[in-house]
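Novice: The structure under discussion is supplied below as structure tokens; questions concerning it will follow.
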2 protein chains.
Amino acid sequence: MNDTIRSIATIMSDLDGILLFPHVNMDGDALGSASALCLALRSLGKKAYVMISEPVPKNLDFLECGCCITDDSILEDVQLSLQLDCNGLRRIPGRETAWERGRLKGCIDHHATTSKDIRYDFTRIEPKSAATGEIIYRLIKDLGAEITLDIANCIFAAITTDTGNFQHTNTTSRSHEIVGHLYKVEGFNSKVISALIYDRRSKEALMLESAVLGSLDFYADGKLAVGKVTQALLEEYGCTMDEAEGIIQRIMSIDGVEAGCLFKESANNVRASLRGRTYANMEKAAAKFGGGGHVLAAGCSFNLPIEEAEKLLIPELIEAVS
Amino acid sequence: MNDTIRSIATIMSDLDGILLFPHVNMDGDALGSASALCLALRSLGKKAYVMISEPVPKNLDFLECGCCITDDSILEDVQLSLQLDCNGLRRIPGRETAWERGRLKGCIDHHATTSKDIRYDFTRIEPKSAATGEIIYRLIKDLGAEITLDIANCIFAAITTDTGNFQHTNTTSRSHEIVGHLYKVEGFNSKVISALIYDRRSKEALMLESAVLGSLDFYADGKLAVGKVTQALLEEYGCTMDEAEGIIQRIMSIDGVEAGCLFKESANNVRASLRGRTYANMEKAAAKFGGGGHVLAAGCSFNLPIEEAEKLLIPELIEAVS
């Protein structure tokens, strides 16, 4: 049921009028994969667009590449609707009508969980690929298109973001091999792309992070570290909650910390992001409060003031690290 | 004058009793390269040691691999003294006597500036290699030794640290290709090695960083950011100055910051670390106060109180970003 990349290239070679669908809350892999493929298809003389329904995140603005549209009326005939880095209608909300226009439907993804609500004409799902961008790189080669500088930048962004800059366990030999090829593209400069993605944090976000990290609480001989992003802090630094991104990773960089917890207070509830380093079972701790996730990365929510949530959760986390 | 890796492998194949010399203030590339080669030589039945004269840094302790000695009397006959990731006697202080024991002298390095105070029997200097570990990887292959898990870990550490986790501009296609090969070694897990290197910062160091970042001064519409690590702060957080490592990189991650300056106050003087993002000439600014470096990374010192040093340096930096 999984088609080969070569057979997908053969199918796509005969098609024109292609709409590409990255997932909602687009990230570097979703948008990078979509724009890379869009540019490659255009270089082969085809009409192709990336269909989106939300603004491109600021740190990914360079991946737009003139590919994105929010109105699909620009295409008269849609011969293919292709989902990228996701599958199922739930991942492309607000774009269902555009999606249905494709005479053929396809999906290229690296997420293991698959939705059954779309009947695809072809799929390529590779859970072992660190990024959908790795599949797209090979597809572009099989399509016979050139890896231009813009395409190289998109593929690099896809891989570096989904591998946490080559640090996550999903990184493979092939991730590095493909990136090695990108360096051979004239003008390619990974430093420039990394700086665009990673080095454009607001002053305010850094100040917020400093405030949270400067007042961590430690438990169980330093094996558990707990931070809090309160509404009061967000207001003080003029930040929104999405600017708290990355704080939990910083907590996990502390020597001896086996489990990290970051409470995020919103208007209605408190969400706890939980991370384990090696053995602390965060999924189990989160499950006690109706949350879930993976063993080393989980989360749960409380309809309680933050202090009450702490009283409930921290004893469970202390148990998890002991 | 630069020998081929193959010819060096041929020379080394006939030798036994080999002392390897990483540079003083050893880093991941120096120690990783030395231990990797030492293990490979031992696997070929040779006696080999890494000669050091300082403690192995805590975050690199896993690179020791039973290779390091501080007393070279363990070797009766030293047929080769080999410098790694450095050249010249100045880079191996306190080990000159051990160095002189080698009947042959060699050097494998990737630094472009070469010292003339040693007459080497062979050298391999590759300024275009991101890490000496890349040269050592190829040498080990040419020696016919197997890339074991320990060797893979050492080579990975060498490359990831010298490329700033594949983000610096020195990273090349070959850096990624070699790392891609390491992933094929049974049991290799880059995440584990990255965590050992990067995720063992002390609580105190993180608190210090938060305090410094939380009180940055901005000038020139936010294009210049200035931080201070004072003796008072070090005392307050119980840190030494080496724990301020990394703060300047954090400053440079702020959106709109074109130049960053971190004042480091010691008992005798004040040192300013300077970084530029794209155009701000830090070398020129540093040179005005007797310092130096590269265009985008430089430094200078002042025998003045920190406030006086600021008064002198900041106007120059404002000019550099304007």
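Only the coordinates and a few stated rules stand behind these numbers; no lab work does. Please read all numbers here as calculations on a predicted model, not as lab measurements. Every residue, glycine as well, gets a Cβ built from its backbone with ideal geometry; the counts of neighbours run over all protein chains shown.
Novice: Let me know the Rg and Dmax you get for the stretch A:1-154 when you use only its Cα atoms, in Å.
Specialist: 13.6, 37
Novice: Could you tell me what fraction of 2.2 N^0.38 Å the Cα radius of gyration of the protein assembly as shown comes to, as a two-decimal ratio?
Specialist: 1.04
Novice: Each residue of the stretch A:223-235 in order: what ³J(HN,Hα) in whole Hz does its phi give by Karplus 6.51 cos²θ - 1.76 cosθ + 1.60, θ = phi - 60°, with x for Gly and Pro?
Specialist: With coefficients 6.51, -1.76 and 1.60, one gets 7, 10, 10, 10, x, 9, 10, 8, 4, 4, 5, 4, 5 Hz.
Novice: In addition: Report Rg(Cα)/(2.2 N^0.38 Å) for the stretch A:78-230, keeping two decimals.
Specialist: Relative to the 2.2 N^0.38 Å estimate, the stretch A:78-230 comes out at 1.33.
Novice: With the cut-off at 1.5 for a/c, could you classify the stretch B:206-274 from its C-alpha gyration tensor as rounded, prolate or oblate?
Specialist: Prolate, because a/c is 1.5 or more and a/b exceeds b/c.
Novice: Same structure again: Working out 0.36 nm times the residue gap between B:ASP14 and B:THR240, then minus their Cα-Cα distance, what length gain in nm do you get to one decimal?
Specialist: Going from the current span to full extension adds 76.8 nm.
Novice: Excluding residues on the same chain fewer than 8 positions from B:LYS128, give the aspartates and glutamates whose Cα lies under 12 Å from its Cα.
Specialist: B:ASP109
Novice: According to the square roots a ≥ b ≥ c of the eigenvalues of the Cα gyration tensor, what is the shape class of the stretch B:1-74, taking rounded for a/c under 1.5, prolate for a/b larger than b/c otherwise, and oblate for the remainder?
Specialist: Prolate, because a/c is 1.5 or more and a/b exceeds b/c.
Novice: Right, something else. Only four residue types carry charge here, +1 at the Cβ of Lys and Arg and -1 at the Cβ of Asp and Glu. Report the dipole size of the stretch A:8-115 about the Cα centre in Debye, rounded to the nearest 20.
Specialist: 140 debye
Novice: If we restrict to alpha carbons, what Rg and Dmax does the stretch B:203-321 come to, in Å?
Specialist: 13.2, 37
Novice: Pick out, from B:THR172, B:PRO55, A:LEU206, the residue whose Cα sits farthest towards the positive end of the charge dipole of the protein assembly as shown, with +1 on the Cβ of Lys and Arg and -1 on the Cβ of Asp and Glu.
Specialist: Farthest towards the positive end: B:THR172.
Novice: Quick one: label points 7 angstrom along Cα→Cβ at A:LEU104, distances to the other copies in nm, smallest first?
Specialist: 6.1
Novice: In whole Hz, what ³J(HN,Hα) sequence does the stretch B:251-267 give by Karplus (6.51, -1.76, 1.60; θ = phi - 60°), x for Gly and Pro?
Specialist: Whole-Hz 3J(HN,Hα) from phi for the stretch B:251-267: 4, 6, 7, 7, 4, x, 6, 9, 9, x, 9, 10, 7, 10, 8, 10, 4.
Novice: Still on this model: Using only DSSP helix segments of four residues or longer, with each worth -39500 (n - 2.57), what per-residue ellipticity at 222 nm results for the protein assembly as shown after dividing by its residue count and rounding to 500?
Specialist: Per the formula, -11000 deg cm²/dmol.
Novice: Now a separate question. Counting only residues 5 or more places away or on other chains, whose amide H sits under 5 Å from the amide H of A:THR172 once H atoms are built in the peptide plane?
Specialist: Amide H to amide H, under 5 Å and 5 or more residues apart or across chains, A:THR172 pairs with A:ALA130.
Novice: If you don't mind, another one. If the cut-off is 16 Å between C-alpha atoms, which aspartates and glutamates fall inside it for A:LYS116, apart from same-chain ones fewer than 8 positions away?
Specialist: Those aspartates and glutamates meeting the cut-off are A:ASP85, A:GLU96, A:GLU100.
Novice: Same structure again: Order of B:TYR198, B:TYR49, A:TYR137 from fewest to most other C-beta atoms within 10 Å?
Specialist: Sorted ascending by nearby Cβ count, the order is B:TYR198, B:TYR49, A:TYR137.
Novice: Provide the FRET efficiency to the nearest 0.05 for the B:GLN249-A:ARG103 pair, computing r from the beta carbons and using R0 = 60 Å.
Specialist: 0.75
Novice: Another question, then. Where a Cα-Cα gap under 25 Å defines reach, which lysines qualify for A:LYS46, not counting those fewer than 8 residues away within the same chain?
Specialist: Reachable lysines: A:LYS105, A:LYS141.
Novice: With no solvent and one point per C-alpha, what does the Debye sum give as log10 I(q)/I(0) for the stretch B:77-135 at q = 0.24 Å⁻¹?
Specialist: Treating every Cα as an identical point scatterer, log10 I(q)/I(0) equals -0.97.
Novice: With the crude spin-label approximation of a point 7 Å out along Cα→Cβ, what separation in nm comes out for B:LEU149 versus A:ASP121?
Specialist: With each label placed 7 Å out from Cα toward Cβ, I get 4.8 nm.
Novice: Please compute the Kirkwood hydrodynamic radius of the stretch B:143-254 from all pairs of different C-alpha atoms, in Å with one decimal.
Specialist: 16.6 Å
Novice: Still on this structure: Between copies, how far apart are the B:THR240 label points? List them in nm, one decimal, shortest first, with each point 7 Å from Cα toward Cβ, please?
Specialist: 4.5
Novice: A further question follows. Calculate, axis by axis, the spread of Cα positions in chain B along the three principal axes, and write the results as whole Å, longest axis first.
Specialist: Largest to smallest, the principal-axis extents are 62, 41, 36 Å.
Novice: Residues with amide H under 5 Å of B:GLN83's amide H, sequence separation 5 or more or different chain, H placed in the peptide plane at 1.01 Å from N; which?
Specialist: B:PHE21, B:GLY106, B:CYS107, B:ILE108
Novice: Out of residues 5 or more away from A:ASN189 or on other chains, whose amide H comes under 5 Å of its own, with H placed 1.01 Å from N in the peptide plane?
Specialist: Excluding prolines and chain starts, which carry no amide H, there are no hits.
Novice: Which loop trypsin sites (Lys or Arg not before Pro) in the stretch B:93-148, with loop taken from DSSP, have no more than 12 other Cβ atoms within 10 angstrom of their Cβ?
Specialist: B:ARG103, B:LYS116, B:ARG119, B:LYS128
Novice: If you don't mind, there's one more thing I want to ask. Distances from A:SER322 to the same position in the other copies: list them in nm, one decimal, shortest first, using label points 7 Å from Cα along Cα→Cβ.
Specialist: In ascending order, 6.2 nm.
Novice: While we're on this one: From the cross-link list A:LYS203/B:LYS228; A:LYS223/A:LYS284; A:LYS203/B:LYS288; A:LYS228/B:LYS203, which pairs have alpha carbons spaced over 19 Å apart?
Specialist: A:LYS203/B:LYS288
Novice: Show me, bin by bin at 10 Å from 0, the whole-percent P(r) of the stretch B:95-175 based on Cα pairs.
Specialist: With a bin width of 10 Å, the distribution comes to 16, 41, 35, 9.
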